[in-house]
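Colleague: For reference, the structure I am asking about is given below.
The values are calculated or read from the model by the stated rules, or taken from the named source; none is laboratory data. Since this is a predicted model, take the numbers as computed values, not measurements. For neighbour counting, all protein chains shown are included, and Cβ atoms are generated from backbone atoms with ideal geometry for every residue, glycine included. For accessibility, only protein heavy atoms count, side chains too; no ligands or nucleic acids. Shrake-Rupley method; radii C 1.70, N 1.55, O 1.52, S 1.80 Å.
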Amino acid sequence: MEYLIGILLLVSFVGLAVYAVRGGNLMMGMLIIAIIWTVLPLLGNTFATNPEFA
């Protein structure tokens, strides 16, 4: 589970970089990435079976 969350965090970061290069609104991009980076670890902490992840 923690590998999946790590991969999703990296993909979201690359998505932000691509969005910025294409000329998107950086304030909206940062808001979306902040929400994603807050929700993913919370979900991972809820569903993680490995106690070392917490």
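Colleague: Where does helix 2-21 land angle-wise versus the long Cα axis of the chain, in degrees 0 to 90, nearest 10?
Modeller: For 2-21 against the chain, the angle is about 0 degrees.
Colleague: Right, another one. How far, in degrees from 0 to 90, does helix 26-47 lean away from the longest principal axis of the Cα atoms of the chain, to the nearest 10?
Modeller: 10
Colleague: Evaluate 2.2 N^0.38 Å with N set to the residue count of the chain, then give the Cα radius of gyration divided by it.
Modeller: Working it through for the chain, the quotient is 1.29.
Colleague: Suppose R0 equals 25 Å; then what is the FRET efficiency for Tyr3 and Met28 from their Cβ-Cβ distance, rounded to the nearest 0.05?
Modeller: 0.30
Colleague: I would also like to ask the following. Using a probe radius of 1.4 Å on heavy atoms only, what accessible surface per residue do you get for the chain? Whole Å² is fine.
Modeller: So the chain comes to 80 Å² accessible per residue, rounded to a whole number.
Colleague: Continuing with the same structure: Run lengths n ≥ 4 of DSSP H only: what is the helix-derived mean residue ellipticity at 222 nm for the chain, with -39500 (n - 2.57) per run over all residues, to the nearest 500? Don't skip to the end; give the middle numbers.
Modeller: Details: 2 runs with 42 residues, N = 54.
Computed mean residue ellipticity for the chain: -27000 deg cm²/dmol.
Colleague: With a 1.4 Å probe and all protein chains left in place, how much of the accessible area of the chain comes from carbon and sulfur atoms, in whole percent?
Modeller: With neighbouring chains kept in place, the figure for the chain is 75 percent.
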